[in-house]
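The values are calculated or read from the model by the stated rules, or taken from the named source; none is laboratory data. Just so it is clear, the model here is predicted, and its values are computed rather than measured. Note that each Cβ is placed from the backbone with ideal geometry, even for glycine, and that neighbours are counted across all protein chains shown. For accessibility, only protein heavy atoms count, side chains too; no ligands or nucleic acids. Shrake-Rupley method; radii C 1.70, N 1.55, O 1.52, S 1.80 Å.
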Amino acid sequence: MREVLRIGLPKGRVLAETCSLFGEAGLDLGDIEKPTRRLIHEVETLQFGRFEVLILRAKDVPAYVEHGVCAFGVAGYDTLVEQRPNVLQPLDLAFGRCRVAIAHRVGVDPWRIEKPRIATKFPRIAGDYFLSRGTPAQIVELSGAIEIAPLVGLADAIVDIVETGETLRKNGLTEGETIFEVSARLIFNRASLRLHMDRLRGIQEALVGALAARSGGQTSS
Amino acid sequence: MTTPDDPRNARDPSRAETPASTSVSASASVSGSPNAGAATSHVGPARPAASGPLARPNLAGSAGIAGLPDRSGSAVRLPFGVADHLPPEAKALRDHAETTSRIFELYGYDRVITPLFELNDVLDRGLGAAARPSVFRFVDPATGDVVVLRPDFTAQIARLVAAHLVERPRPLRLYYEGRVARAADPLGHGLLTRELFQAGIELIGTSEPWADLEVLSVGLASLSALGHAPTIDLCHAGIVDPLIDGGAPHNQRLAKQAREALAVKDPVWLQTVAPALVPLIDLYGQREVLTRARRELRAAPKLVHQAIDELDSLADLLEAKHPTVRLTFDLGEQRNLGYYTGFFFHGYIEGASDAVMVGGRYDHLLEQFQTPEPAVGLAIDIGTLAGRVLRAWPRARSGVVMAERDLRRPEMVEETARRRATGERTAVVAADDAEQYARINGFLSICRKSTTSSGLEEIPVIDPTGDEPHVATDVG
């Protein structure tokens, strides 16, 4: 009966965590996380009505939500800070935790280099961070395997996502300061939130409930 | 979210331009850019500066793509964020301007026209620091004065009132319609359009609740005349401001970051810069939010509670006068050019990704121009509305094409004049091109020399279905 709302979710590892949290909140997305070529899924829930779920690249979710193609979605805080999309991000979903940090070869201090060259997937974050400390870094934008850059002389340091630090260690890099902590966020389109206030607030509150139940479970165990 | 070796993290071309993407621009950002100061002010999460680079493809500022033939040619290039408006859209824009003007006049508002650019020092009084990064500013070659392209009408009208209309009896009811230019989004988000079409009203000289209600009614009537029933999101500047001024952040830098975090409802960032404001993030929803706010903001200054009461009684007035209007509330909403002092609102419609109407009370703006008095107003984004109509409905067809090889033929000239005199849209075209011309330009019929008699005949243009752009069933 109610209008079909579109949801944008990031494919990959975060999708499974999204599905389990959404499921705990009563928004059962079914088997959309199973590997398949289908990128659009129709989902019907008892509590929240019908949805169309788009499985997108993590970096693309904010664009779909900002332009109102998706009413809401899940995006990493790293992506939100880098892209600054015009969306609302009122809920920290507390999974997908990692950090955006500086890393460099042991014995190299990027802050002692006058104009350090920084390799990163986050040119805006890296550029602004160094500028904010009075250091006009030269940014080299890469799309993967960032850790190689300092080893072969492409960069003095990198700004990248760090989860356990294992990849850095394996490549002979040491982790420097953390620029900020990352987690998955629930994001809303500005207009959709107001036009479908009851339903979207209901979903947010159910997610808050599910998160509270999780942390309650952790404290007792 | 992702790991360093995750192949999903590909290059995002729209973010390729950063303040420091090359060593040349890096040093330029520090020494030459007025934004360098803003960029050095971060603590906590490293947010890009509000005045940071726009989200746009790298090639927008270049003459073409290296290695590819330059098909478009620099002779017709436009700056990023502006566009031409071709016949169907230009007409839709004018129709929207006319419809809103008609409604404004029905409520007794009089039109004013303000200059395209003004002195920076003067307009800056009204707009304040928050608007600075979003203003096009240049030096007047004749005088050396710094001037700005208007980013907004309201501050201009405040100046106009102070200059010319101080003696007029109050209230003043003024309306405007036209374009504003924004260099960047005030909050640093992507801005796809830098030239906006607006129509709006200002009701000056009264702080009575009926004035607030009148402005909302004019807004609803205008959108209704354009075929929309918006959801109105009610907000209040007297909630965030006292909490920021009297609350946690003691310095301007933190206050600015707190506003930016509130603008996107980022609870984690807000927690680090102004923990006292975090409850505001969740204070949005239906009317019950006001009850919840009174409870959760119990310890807040009295001003905050006055603001909540004001929203409550405004909602009563609004629901009594417009029983079908859908209302939502957002006590943490924090994004505007900075002059609102009381209630403010956004109007949202299906199919537009952000607000199409914004307005509110600004009781201290006129004071900046030495005429302290209260005022309230709104602006409608008719550019977005017109663009949406074009996508939703094909263009309405009308009128007749006069088709004739000899364009001076007396009965054709006479018939053409006769039809125009009756108000019919009439275009003259050489006979061979008439049918295609009529189809492409949305005419209903062709008038030509009769094939069976000596007079003229009128034949309908077959309505093409399917792929023809801009031409379809007459909806008028």
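Annotations for the structure displayed:
- Sum of side-chain charges, residue B:231 neighbourhood, beta-carbon under 12 Å (Lys, Arg +1; Asp, Glu -1): -1
- Nonlocal amide H pairs with residue A:56, under 5 Å, H built at 1.01 Å: A:9, A:11
- Nonlocal amide H pairs with residue A:76, under 5 Å, H built at 1.01 Å: A:185
- Three-way shape call for segment B:291-384 based on the alpha-carbon gyration tensor, with the a/c threshold at 1.5: oblate
- When all protein chains stay in place and ligands, DNA and RNA are ignored, the 1.4 Å accessible-area order of A:11, A:170, B:91, largest first, is A:170, B:91, A:11.
- By average C-beta atoms within 10 angstrom, highest first, the peptides A:22-33, A:158-169, B:352-363: B:352-363, A:158-169, A:22-33
- Euclidean distance of C-alpha centroids, segment A:111-130 and segment B:433-459, integer Å: 67
- Chain A, helix-only ellipticity at 222 nm - DSSP H runs n ≥ 4, -39,500 (n - 2.57), divided by all residues, nearest 500: -9500 deg cm²/dmol
- The Cα center of segment B:144-183 and the Cα center of segment B:195-247 differ in position by 17 Å.
- DSSP beta bridges fully contained in segment A:98-181 are about 65 percent antiparallel.
- Net +/- balance of residues flanking residue A:49 in space, Cβ distance below 10 Å, scoring K and R +1, D and E -1: +1
- For A:120, B:451, the ranking by accessible surface with the largest value first comes to B:451, A:120, using a 1.4 Å probe.
- Peptide A:186-193, shielding by other chains (average Cβ, 10 Å cutoff): 5
- Residues whose amide H lies under 5 Å from that of residue B:136, counting only those 5 or more places away or on a different chain, are B:149, B:183; hydrogens are built 1.01 Å from N in the peptide plane.
- Exposure of residue A:111 as accessible area (Å², to 10), given a probe of 1.4 Å and all protein chains: 80
- Once you reduce segment A:160-199 and segment A:1-50 to the center of their Cα atoms, the two points are 20 Å from each other.
- Over all pairs of different C-alpha atoms, segment A:98-181 has a mean inverse distance whose reciprocal, the Kirkwood radius, equals 12.3 Å.
- For the peptides A:72-84, B:161-173, B:218-230, the ranking by packing is A:72-84, B:218-230, B:161-173, with the highest mean count of neighbouring Cβ atoms within 10 Å listed first.
- Accessible area buried at the A-B interface, both sides summed, 1.4 Å probe (Å², nearest 100): 5800
- Counting charges near residue B:201 (Lys, Arg +1; Asp, Glu -1) among other residues having Cβ under 12 Å from its Cβ returns a value of -3.
- Couplings for segment B:199-212, taken from phi via the Karplus curve 6.51 cos²θ - 1.76 cosθ + 1.60 with θ = phi - 60°, read 9, x, 10, 9, 10, 10, x, 9, 10, 5, x, 4, 5, 4 Hz in order; Gly and Pro are left as x.
- For segment B:369-382, 3J(HN,Hα) per residue [Karplus equation, 6.51 cos²θ - 1.76 cosθ + 1.60, θ = phi - 60°, Hz, x = Gly/Pro]: 10, 6, 10, x, 6, x, 7, 8, x, 8, 10, 10, 7, 6
- Relative contact order [Cα under 8 Å, 6+ residues apart], segment A:113-221, whole percent: 21
- Karplus-derived 3J(HN,Hα), 6.51/-1.76/1.60, for each residue of segment B:294-307, Hz, glycine and proline x: 4, 6, 6, 9, 3, 7, 6, x, 4, 3, 4, 6, 4, 4
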